[in-house]
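Undergrad: Submitted below is the structure of interest, expressed as structure tokens.
All of the numbers you see were taken from the coordinates with simple rules; none came from a lab. Everything numeric here is computed off the predicted structure, so don't read it as measured data. Using ideal geometry, Cβ is built from the backbone for each residue, glycine included, and neighbour counts are taken over all protein chains shown.
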Amino acid sequence: MRVLGVAGWSGSGKTTLIERLLPRLAEAGLRVSVIKHSHHDIALDAPGKDSHRHRMAGAAEVMVVSPYRWGVFAEVGEGAPPALEVQLARLAPVDLVLLEGQKGLDLPKIEVFRPSLGKPPRHPDDPWVIAVASDAALKSAVPCLSLDQPDAVAAFILAWLEKEQ
């Protein structure tokens, strides 16, 4: 599976960009999965639900299955999330995995950058950034794409996938 990071500061628009890219990539015939990284504790099930009760009773993992979707809740305790290889191994095979967050990993990524956030860009110092998607014109050694043109960002990704095969 090919993995492409979508990295940027909080509030830069990573989720919105991915949301806009997914239907365009699917329309191009790709099966795409997303791994979303969070720095916060996340609640995936609700107290009182059977899955929550099983987790609280000590299950290492709980799988919830329905005719509409399924998911696995895994307890990792305090500390680092599982390595990317472990995360990828849990996914069904697809053409592309978009990795939202985990910007420090050494893998190809598109940086989502908004100068108005007042945070520094990563692309000048991160050799893994293959393009920048921004709401402003930038001078950069890598291609700059407009956040307002998701078709162009999707076309860039498709060309990158083709080139990398």
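Undergrad: Using Cα pairs under 8 angstrom and six or more residues apart, how large is the relative contact order of the chain, in percent?
TA: 32 percent.
Undergrad: Report the label-to-label distance for L91 and E27 in nanometres (one decimal), using points 7 Å from each Cα along the Cα→Cβ vector.
TA: Distance between label points: 2.2 nm.
Undergrad: Please give every one of the aspartates and glutamates within straight-line cross-link reach of K103, meaning a C-alpha to C-alpha distance under 16 Å, and leave out same-chain neighbours fewer than 8 residues apart.
TA: Hits, sequence-local ones excluded: E85, E111, D125, D126.
Undergrad: May I ask you to sort L22, L138 by Cβ crowding, counting other Cβ atoms within 10 Å and putting the fewest first?
TA: L138, L22
Undergrad: Of the residues V34, V132, V86, which exhibits the maximal mean-square fluctuation in a Gaussian network model of the chain defined by a 10 Å Cα contact cut-off?
TA: Top of the fluctuation ranking is V86.
Undergrad: Report the relative contact order of the range 40-80, percent, no decimals, based on alpha-carbon pairs under 8 angstrom and at least 6 residues apart.
TA: Worked out over the range 40-80, it gives 26 percent.
Undergrad: Here are some values of Cα extents along the principal axes in Å: [x] 55, 36, 25; [y] 55, 32, 32; [z] 51, 32, 31. Which one was computed from this structure?
TA: [x]
Undergrad: While we're looking at this one, here's another question. Ranked from highest to lowest mean number of other Cβ atoms within 10 Å per residue, what is the order of the peptides 66-74, 3-11, 143-151, 116-124?
TA: 3-11, 143-151, 116-124, 66-74
Undergrad: Normalised by the number of residues in the range 73-165, what is the relative contact order in percent for Cα pairs under 8 Å and 6+ residues apart?
TA: Relative contact order comes out at 16 percent.
Undergrad: Can you list the lysines whose alpha carbon sits under 19 Å from that of K109, skipping same-chain ones fewer than 8 residues off?
TA: Candidates past the 8-residue exclusion: K14, K36, K119, K139, K163.
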